[in-house]
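Each reported figure results from applying straightforward, stated rules to the coordinates on display, with no laboratory input. It should be emphasised that the depicted structure is a prediction, and the values quoted were computed from it without experimental measurement. So basically every Cβ, Gly included, is an ideal-geometry build from the backbone, and we count neighbours across all protein chains shown.
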Amino acid sequence: MKAVCWHGKGDVRVDRVPDPELVNPRDAIIQITSTAICGSDLHLYDGYIPTMKEGDILGHEFMGEVVEVGSEVKNLKPGDRVVVPFPIACGSCYFCKSDLWSLCDNSNPNAAMAEKMWGYSPAGLFGYSHLVGGYAGGQAEYVRVPYADVGPMKVPDHLDDRQVLFLTDIFPTGYQAVEQCGIRPGDTVAVWGAGPVGLFTIASAKMLGAGRVIAIDDVPERLELAVTHCGAEPFRPGEAGNTMHVVEALRDMTAGRGPDICIDAVGLEAHGVGLEGWYDRVKQTTRAETGRGTAIRQAILACRKGGTVSVPGVYGGFVDKVPLGALMNKGLTLKTGQTHVHRYLKPLLERVEKGDIDPSFLITHELDLDAAPDAYRTFRDKKDGCIKVVMHPGGRMH
Amino acid sequence: MDAAHTDRHEMSAGHDISSGQEQNVGNTERMLSMAGGGLAMLSGLRRGGAAGLLLSGLGAALLYRGASGYCPINARIGRNTTELGRSRRHNEPVHLHAGMTIDKPAAELYQYWLNVENMPRVMSFLERVESRGGDRSHWVARLPGGRTVEWDSEITAKEDNRRIAWRSIEPSDLSSKGEIRFRPAPDGRGTEVELDMSYQPPGGAIGSALGHFMRGMSRMKVQEDLRRFKRIMETGEVPTNNITRSAQ
């Protein structure tokens, strides 16, 4: 089959690789009809996530048609149309049973490696480095899905791929980022990053009763979509200046209180300004720090006393100069985590069916799988108005 | 499905990428390496220029040595300052301990472990185990290079749903004993499982295939065996990232 493979920093190629097969009894094989490039795939593309190997198949946002199921998979049959959560979860460990699916105890074959880095291993993820399992991803014609009796959800025929594809990651990710803050009606929510996750975060904040949502980004077309489609107020950090300027501007926008909830939807490749930006760039390049921390620093400093900081943005290792003094003395709550996608599949599908949201609003590019190398570049460079790329292997989709 | 086959591939795949070298730097030395490496790297970065670059490079290498507990120079000259290294040098028995919380009732875990023929699925180095009736059994392990080592073992203690102990029977190529204990985890989270194994390295066998095998036994391998046990019990299978059955 054809698959999008990682070959090093800035180098992805469409390779011919063996078709996947059923390996374990709870596996299914899915023929992919739609697969997206995630902002977090760019962290792999830019070489910031360790333990990638040449030839690894990328992609963790995908859906398609079941073609084969293992002997233990009783809930699916060939022909079923399904979306697949990006975390792989066994469904029977303490964490899965506690609704904490992205912390599954059993799905990471390389758990020992993750334990060296993080103390304990979270769930395995599709196409996201060997640290979290080394699983082949879904930017391909077919994918092997482990624990298929637990993860994939059937989707109704009257919804097309564009409307349900993002249930696999970015919609639940944005939703969880807000929901886990215990949002109250009228709260002001500030969201760093108006990329795909940021946009779903903003839309979810509105859905969950936020009074005001402030979108923080310098990319014009993203900020515009946040305003026109999601009802956010725009804020351009580049115009404000350095971190202290950003904090002051947000204080002014909230009559001296600060946002109740601050959400970092940027992660480890934040663009800092001035001295802070250079500090992080040098340290990240020399591997003395594995993430650039501008977004998380600003979120902590800008948050009101007793407020909540939520981090859906991806971090891998270490970030310097995190203002723990502000976190502690202001009595902030910090909420983080890879998304427990399984928890949100049904409720968010219901919202799509009811018409609360049409998740396809942010798709700017629809391409064949062969276009992946160009699409990665365009998406990374934010050229051509690119906000979200969806690929249809073989040109087929529902 | 060929479960044992799958596991084996997993172990080796996990091995190269995690730089799976065994630790050979002791704890005190690791802390010193990290502290010194950090200082050298910072002052190298501050100084700049070629000398600064060299210093920061050296600092980074020391930092890595401390963080990973692996030193290539130690490996080259056969130096090992860990606990395990010390006991091996003196031909002392190697004691390995691991613990795991498994979300299943103790009775189920106890029954599975009592059936010795299940052990090759749990312990990656085993080729097969045959029950010889009663509490006796015959064990066959693979050595690197395709050779095997065999020994007989007997169960020395059985306490219902709480504890099983076993040891090898003389004369045997390999002198080992082990014990597994089960106790209820708090708050209905299943069972806390603890595994203790000890091996007596064969006298004068350093350099032989068996000596090599013994030295390969590490806490991490025991921990991984216990993790495989947990996964078989909780999910019925051992996770793998292979996409084909034949690629193994």
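Around A:GLY137, which amide H atoms from residues at least 5 apart in sequence, or from another chain, sit under 5 Å from its own amide H, with H modelled in the peptide plane?
A:ILE57, A:LEU58, A:GLY127
Please list the non-local residues whose amide H lies under 5 Å from the amide H of B:SER175, H modeled 1.01 Å from N, same-chain partners needing a gap of 5 or more.
Correct list: B:GLN200.
Taking θ as phi - 60°, what are the ³J(HN,Hα) couplings along region A:113-121 by the Karplus curve (6.51, -1.76, 1.60), each to the nearest whole Hz, with x for Gly and Pro?
Along region A:113-121, the couplings run 5, 5, 5, 5, 8, 10, x, 9, 9 Hz.
Starting from the Kirkwood radius over alpha-carbon pairs of region A:171-336, derive D by Stokes-Einstein at 25 °C in a medium of 0.890 mPa s and give it in µm² s⁻¹.
Taking Rh from Cα pairs, D becomes 159 µm²/s.
Return the sequence-ordered ³J(HN,Hα) values of region A:12-18 in whole Hz as given by the Karplus equation 6.51 cos²θ - 1.76 cosθ + 1.60 applied to θ = phi - 60°, using x for Gly and Pro.
Values, residue by residue: 10, 9, 8, 10, 8, 10, x Hz.
Relative contact order for chain A: what is it in percent, counting Cα pairs under 8 Å that are at least 6 residues apart?
Relative contact order for chain A comes out at 17 percent.
Per residue of region A:337-343, what does 6.51 cos²θ - 1.76 cosθ + 1.60 with θ = phi - 60° give for ³J(HN,Hα)? Whole Hz please, x for Gly and Pro, Karplus curve as stated.
For region A:337-343, the Karplus curve yields x, 5, 6, 7, 3, 3, 5 Hz.
Give me the distance between the Cα centres of region A:271-334 and region A:150-226, rounded to whole Å.
Answer, in whole Å: 22.
Give the span of the protein assembly as shown's Cα atoms along each principal axis, as three whole-Å numbers ordered largest to smallest.
Result for the protein assembly as shown: principal-axis Cα extents of 81, 64, 49 Å.
List, largest first, the extents of the alpha carbons of region B:24-77 along their principal axes, each in whole Å.
Taking max minus min along each principal axis of the Cα atoms, region B:24-77 gives 33, 20, 12 Å.
Only helical DSSP H runs with n ≥ 4 go in: add -39500 (n - 2.57) per run for chain A, normalise by residue count and round the 222 nm mean residue ellipticity to 500 deg cm²/dmol.
My calculation for chain A gives -8500 deg cm²/dmol from helical runs alone.
Amide H to amide H under 5 Å from A:LEU268: which residues, 5+ apart in sequence or cross-chain, H placed 1.01 Å off N in plane?
Amide H neighbours of A:LEU268: A:VAL314.
Counting only the backbone N, which residues of region A:314-331 are under 13 Å from the spot 7 Å out from the Cα of A:LYS305 toward its beta-carbon?
Backbone N within reach: A:329-331.
Cα centroids of region A:60-130 and region A:11-27: how far apart, whole angstrom?
Each part's Cα centre sits 16 Å from the other's.
Can you give the alpha-carbon Rg of region A:1-155 over 2.2 N^0.38 Å, where N counts its residues?
Against the empirical 2.2 N^0.38 Å value, I get 0.99 for region A:1-155.
What order, most packed first, do the peptides A:3-12, A:279-288 have when packing is the mean number of other Cβ atoms within 10 Å of each residue?
Ranking, from highest mean packing down: A:3-12, A:279-288.
Could you identify which residue out of A:SER204, A:SER34, A:SER360 has the top mean-square fluctuation in a GNM of chain A using Cα springs shorter than 10 Å?
A:SER360
Could you tell me how many degrees, from 0 to 90 and to the nearest 10, lie between the Cα long axis of helix A:274-285 and the main elongation axis, the longest principal axis, of the Cα atoms of chain A?
Here the helix axis deviates by roughly 30 degrees.
Run a plain Debye calculation on region A:168-245 (Cα atoms as equal point scatterers, no solvent) and give log10 I(q)/I(0) at q = 0.11, 0.17, 0.22, 0.28 Å⁻¹, rounded to two decimals, same order as the q list.
Each listed q maps to, in turn, -0.25, -0.59, -0.92, -1.27.
Once the Cα atoms of helix A:243-253 and of chain A are each reduced to a long axis, what angle between those two axes, in degrees from 0 to 90 to the nearest 10, is obtained?
80
Here is the link list: A:LYS2/A:LYS74; A:LYS53/A:LYS283; A:LYS206/A:LYS335; A:LYS53/B:LYS221; B:LYS177/B:LYS230; A:LYS74/B:LYS230. Which ones come out longer than 25 Å on Cα distance?
A:LYS2/A:LYS74
What does the average come to when, for each residue of peptide A:133-145, you count the partner chain Cβ atoms lying within 10 Å of its Cβ?
Average per residue, whole number: 2.
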